Every structure is written in C-alpha cells, then in structure tokens.
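Quick one: structure below, then a few questions.
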Amino acid sequence: MEVKWKAAALLFALWCCCDAQRITSVSPRIGSVNGATRLTIQGDGFAQERQFQLNPVDDMFGNRVTLVSNTLSVPCDVERDSTHRNQIMCYTRPMPYDYYEIHVSVDGVPDNSMCRYSSLCIFTTVWYRTPTIESLSPVSGPPGTLVTVYGRIFTDVYGSNTDLSSNGINARFLRSYMGGMPCDLLKPNSDERIMGGTLLTVQGRFFDETDQPARVLVGGNLTNCFCIPHFYFLCEGGRGLKMEVWNNSRPSSLSNIWSYNKNTTGYWSQWIDSMPYVFPREMDYFTTRFTGFFVPPATGNYTIYLNCDDRCDLYLSNSSRPENKVKVAYQPYYVIDYTQLASQKSQVLALEKDKPYYMEILQQEYGGAATINLGLFQGESSYTEDQTDDAVNEVQDIGADYDVFDEEQVVTFDMWPANVAGVKEVQNVTVSSSCSDALCSSAFFTPIAVSASAAEVETALNGLWSIKPDTVMVTKQQSSEGSHFIVTFNSDRGDFEPLHFEVFGSDTNITVAEVTKGRGNMKTFTLLWGGIPTKPIPFNASKSEVQSALEDLMKAECPGEILSFEGTDVKYFKDFENDNSFLLFSIHQFNIANEGTPVDHSGFCGRWSLKNAEILFKDSYTTESGDTYGPVSLDKHPMVKSIIYVFIVNGIV
C-alpha cells in the first residue's frame, strides 16, 4: 500500500510540472507607439476553459497581459477567440517609446517568472514601426475627391484575402476615416479597381425616380447610387477663394485693381482652397484679387496675419456684405514672412461661429517667385505647445500691489512694584539608570553623560540660550533612587519653566521637580522672540537699551569651541562676516572657481559662508594687517577645523 501511494504522489508531481505556465516566444518584439500591434505569445499552461464568461465585471478570469516599463504599466488587450492553452494573442495600446517587460497572469494569478530568458519577454516601441501620415494631397476638396496619403505606411493590403503586403509584412488596412466619415480605399490606374470604390458620374435627362429610386448597373452588377434630384441649382464656386488674375498689369495703387474686370486685358481666374498658394515661377508683373468668405469654426477672438510677394492688402467685412469691408492688414513691400511688420497683423477680431464674413485680398507681383499666405491665430484653444507646434501657451503676468507696515508693539508697566525681595529658582533633576557606572561613564545622551558630575551638568546648562546671560549652580547627591542634581538659578528673573529633557534609551528615567519657586526682584524684565529671551533689561531702561537688547537676539554668535581670533593657537581664521574684508577677498581671493564664492544668508553661526570651495587656504592670502600668512608649521598648528554644509536641491547634492 505504501508503494502505491508513492507512485500516485510521483504522478501528481509530474502532472503539476507539466501544467506550469511558461513563455517560449513573443512575436513581434518591436511595434508602434500608437498601439494596435498584435502580439503573439507562445507557451504552455495558459487559460483555456475560462476564456469567456457571463459576468463581464470579473476581470480576473482567463489570461491577462500587461506591458511594464520602469515608469508605466499598460494592459495589452487579449483577443480571446485567438487564444488557447499554448497561445495568447493581444493588441497593444498607445504607450511612449520604451522597453516593456511582458507579464502574464492566468485566472488572476500573476507569474513573472514565465520567461526562461528575460530577454524573450521584452517588447520595444520604436518610431520606425509607427505608421505616420506626413502629408495629404489635396488638402481639401468636395465629397468624392480622390486623396493621396503620403507617409510611413506599412501595407497595401485591404479588402481581399491576401495575407502579405507587397513588402512582405503581414498587415492590412481594416478601415479608414476622414473627418469622422468612412473613406474608401483604392489604387488609381490599377487592376484593383475591380474591388469597387470608383466614383462614376452619369449625366443625362429624364432620370425619373417617381415610382422607385434609379438603379445603375455596371457590367450587370448593381452599384451604390448617390443620385441627384432632377431639379437643382447651379452655383459658381462656394468653396475656398476665387482668385482673379490680370497678367502684365502695373497699377500705381492696389486700389486700382477694383477698376479691373473680366474684360480687362490679361484676365483669368480659378478657385483655390488652401494656402499658402505658390504661383508658377514664370509669372511676373501681375495683379490678383481674392474674394470669398471666412466662416469661423468657433466663437472667439481671432488675429489674421498676411504675407505675400510683393505687396498686398487684406479686407474683412463684419458680415457677408462686401460693401462693409475694411482694411485690417497690409504689407507695403516684400518681407520674408508675416511676422516682420506690425501692419501684417490685424487687430483682435471678435468673430462668431458659423457666421460668414466677406474677405478680400489685393496683391501685386513685380518679379521673381510669387506667393500669397494667410495665418490665423485663435485666442482660445484646448491644445498646448506639447500637442502641436501651432499652439502657443498662454503667459500671464500677475502683478500684486500691497502696503507694508512695520510691526509696532507697546510695552507698558502698570503698577510696577518696588523693593521686592528676589527668590532664586531651585529645581531638582533626578536621573536613574539600570546600567552600571562603568558602562554609563561613556554613554552620552546628548550631551550629558548619565554619570556626569555636577560640574559637567552646570557647564551644559550655562550654555543654554534660555538661561544666558544668567548662570546656574549645580550640586549632586547620590541615593538609591539615582543621581539628584540640585540646580540653583543665579538670576533675578524669578520663576523659570521646568527644565526639558530627552532620553534616548529605555533604561534611563529623568524627572524634574521644582524645589523653590523663583521670584523676581522686579528690577529687570526680559522679552522673548521666537522662544529666546533677551538679556535682563532694567524696568526704567532707555529706548536705546531696549533696542540693543532686541538687536542682540539677531546677532550671530559662534559656539565657544570655535576659536575666532588669530593668535598663538590659531594661525588662520576666516568667517567672511566683515563686509570690507568680503569685498576685498571676493575680488582678489575667493571669486575664483576652485577657491569658492562667498554667499550671504547661509553661514553656520553668521551670515556669510564660502560656496563650492576646493582650496581653503593659500600661503599668499593676506591678513587684516595686509601681510601674507606664509607657510604654516604643522608641528605648531597640526589641526584644521571647518564647518561644511551639504545642500540638496531637487535631489541633487
């Protein structure tokens, strides 16, 4: 019985191994940034039975494909009817140029280790596999116009059972649209016109559709007929601008063109529906008049720009009536484009959507190449410069005016008592710790050791800004509860807040208790600014004494550990605080790339510091007396101290 169980376990293990998911190949490995690239993923263990479901909200069933880059995760839409146990077919979505790892999950269980080799599961979006339309010809026309598309087009297969394009690529056109309407594909002057799509015009009389629509058969086959009613209006033009030309004309003024007509020598005309318009190179010494209507696509503010070769005037009406036209822009002589002269730009015009505005251009060409061009700028648009080169991002200048008032505070002493006996503040600081004296003697809890002496605690407290310029006296007593530091405040200020503390270990406890509440003798007072008190100020002090005490709060003061005077112990000291010295040094010493640049408002204990300095000292530097420092004896001065700041800006040190 035991042997049978082992055999069953072995068979079960082999079955699980064979059912493991894996990817053996991915094709293609490169594709378009605009999506719609069909990926075929070959492998084993993909979902097969659960490709379709009745509950569309459950998106965890079946096979899921995700393309993952360093910054983006994009789904690949699975084509379920082309997917089975050994193959997944999906279509990519638009995504930026990058390398993407292919991740597959089966029934909601992701497995990122399907690829035997990670390079097998990399898909890259590239520009040269992205279909791109570069130009159209013509750019406008009535319905039925044959349009030729130029660009990076990968196939010429459509509407047939042919698998491969003439360039060997397995791709086809499924459909095409222009302006949201279907556009039938065809190849002019080729045998593929048998596929249909050719526009036929049948002209004649008595096409009667009284009883039923007319039918047209070509070669016995019924066609799709777009029939015109048997009555109609014949209208000239109606699209673009009518261009009237008078060859070999030399008017002294452009307004003379209004006197020309069809009977004037050299007249001919045609319709144009796009700009810029380039005249044939052989044409010289002629005049033109363009007439038509401008219909704004949206209500808003517009600016029209004019450019021509050689001179031209632009007229626009406030309606469809030509008699209301006024000159809105002009170019009196040749310039290279429509940004050269202020007169080439119209004023801002408030125009209404779908309202026709009569427009007229008068132009004269002398010799050489001849062109005419209009530019239109719409004040409001949903597009940005990142979307199209024709867009201009709006720039607004915000000006803020405000009044600045100096802060004024009044300190008033009412009923100020006299002859008050002062009482010194006394506080008891108890420190208890479970560590032995041997361990605690070197265990510092910033900045005082647990086993510190009374003198060490006294020195630390006398360095606090909240106590200066007063002092404290500390005595120490030892008991079973721990160390007791009796702190007596040598101050006439009176009551002090209990000392604050921080403990950086769980084995140390500190308590602060007020033994004697201090009381001031009322001879002085202090002012606090940002939590820092001034030195004691006499209650009857002059305004200069109060001002001096407040200004002292704003002065920079370096710690006592920094020796700030050159002498026997200090060979060279520089804090860049002396303005005159700064001006001298910035020109002669510290305004060189590798010697740094003095900067304001960034000092450690002052205003000034030296930025990006590679050289801190040269023997040629001058002292305040004008002498040079000369060589430094390392036997006498073996130590260099400097305070270095590291600034991090936008993640860069």
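Among the residues of the range 89-107, is any at pLDDT below 85 and either of a type outside the set (A, V, I, L, M, F, W, C) or crowded, with 17+ Cβ neighbours inside 10 Å (or both)? Step through it out loud before you land on a result.
Taking the range 89-107 first, the residues at pLDDT below 85 are 107.
Subsequent filtering for residues that are either of a type outside the set (A, V, I, L, M, F, W, C) or crowded, with 17+ Cβ neighbours inside 10 Å (or both) retains 107.
Yes: one or more hits.
Which ones in the range 261-284 are closer than 24 Å to Ile304 by Cβ and not in a strand (DSSP E or B)? Steps first, please.
First, pick out the residues of the range 261-284 that are closer than 24 Å to Ile304 by Cβ: 269-279.
Selection gives Asp273, Ser274, Met275, Pro276, Phe279.
I would also like to ask the following. Do you know which of the residues in the range 285-309 that are among the hydroxyl-bearing types (Ser, Thr, Tyr) and not in a strand (DSSP E or B) is nearest to Tyr358 (Cα to Cα)?
Residues of the range 285-309 that are among the hydroxyl-bearing types (Ser, Thr, Tyr), as a first pass: 285, 287-288, 291, 299, 302-303, 305.
Going one step further and asking which of them are not in a strand (DSSP E or B), we end up with 285, 299.
Working: Tyr285: 27, Thr299: 17 Å.
The residue in question is Thr299.
Now a separate question. Only one residue in Ser564, Ser602, Ser642, Ser581 is at pLDDT below 75, over 30 Å from Pro417 (Cβ atoms), of a type in the set (S, T, N, Q) and in contact with a Cys (Cβ under 7 Å, 6 or more places away or on another chain). Which one? Before you say what the answer is, go through the steps one by one.
Numbers: Ser602 fails: in contact with a Cys (Cβ under 7 Å, 6 or more places away or on another chain); Ser642 fails: in contact with a Cys (Cβ under 7 Å, 6 or more places away or on another chain); Ser581 fails: in contact with a Cys (Cβ under 7 Å, 6 or more places away or on another chain).
None of the others qualify; the one that does is Ser564.
I need every pair where a residue in the range 609-632 that is over 13 Å from Pro598 (Cα atoms) has its Cβ under 6 Å from the Cβ of a residue that is at pLDDT 80 or above and surrounded by fewer than 10 Cβ atoms within 10 Å (Cβ to Cβ), sequence separation at least 6 or different chains.
Close Cβ pairs (under 6 Å, with a partner that is at pLDDT 80 or above and surrounded by fewer than 10 Cβ atoms within 10 Å (Cβ to Cβ)) amount to Asp619/Pro631.
Another question, then. Filter the range 27-78 for residues that are modelled with pLDDT of 85 or more, loosely packed, with under 12 Cβ neighbours inside 10 Å and under 34 Å from the mean Cα position of the chain (by Cα); which is nearest to Met89 (Cα to Cα)?
Step by step, filter the range 27-78, then rank; the result is Leu72.
If you go through the range 513-554 one residue at a time, how many are in contact with a helix residue (DSSP H, G or I) (Cβ under 7 Å, 6 or more places away or on another chain) and among the basic types (Lys, Arg)?
Residues that pass the stated criteria total 1.
State whether the residues of the range 500-510 include one that is in a helix (DSSP H, G or I) and at pLDDT 85 or above. Reasoning before the result, please.
To start, the set of residues in the range 500-510 that are in a helix (DSSP H, G or I) comprises none.
There is no residue in the range 500-510 that is in a helix (DSSP H, G or I) and at pLDDT 85 or above.
Inspect all residues belonging to the range 329-349 and state whether any of them is farther than 30 Å from Arg250 by Cα and either under 32 Å from the mean Cα position of the chain (by Cα) or buried (at least 16 other Cβ atoms within 10 Å of the Cβ) (or both).
Yes - at least one qualifying residue is present in the range 329-349.
The values are calculated or read from the model by the stated rules, or taken from the named source; none is laboratory data. Note that the coordinates shown come from a computational prediction; the quantities given were computed from them, not determined experimentally. Every residue, glycine as well, gets a Cβ built from its backbone with ideal geometry; the counts of neighbours run over all protein chains shown.
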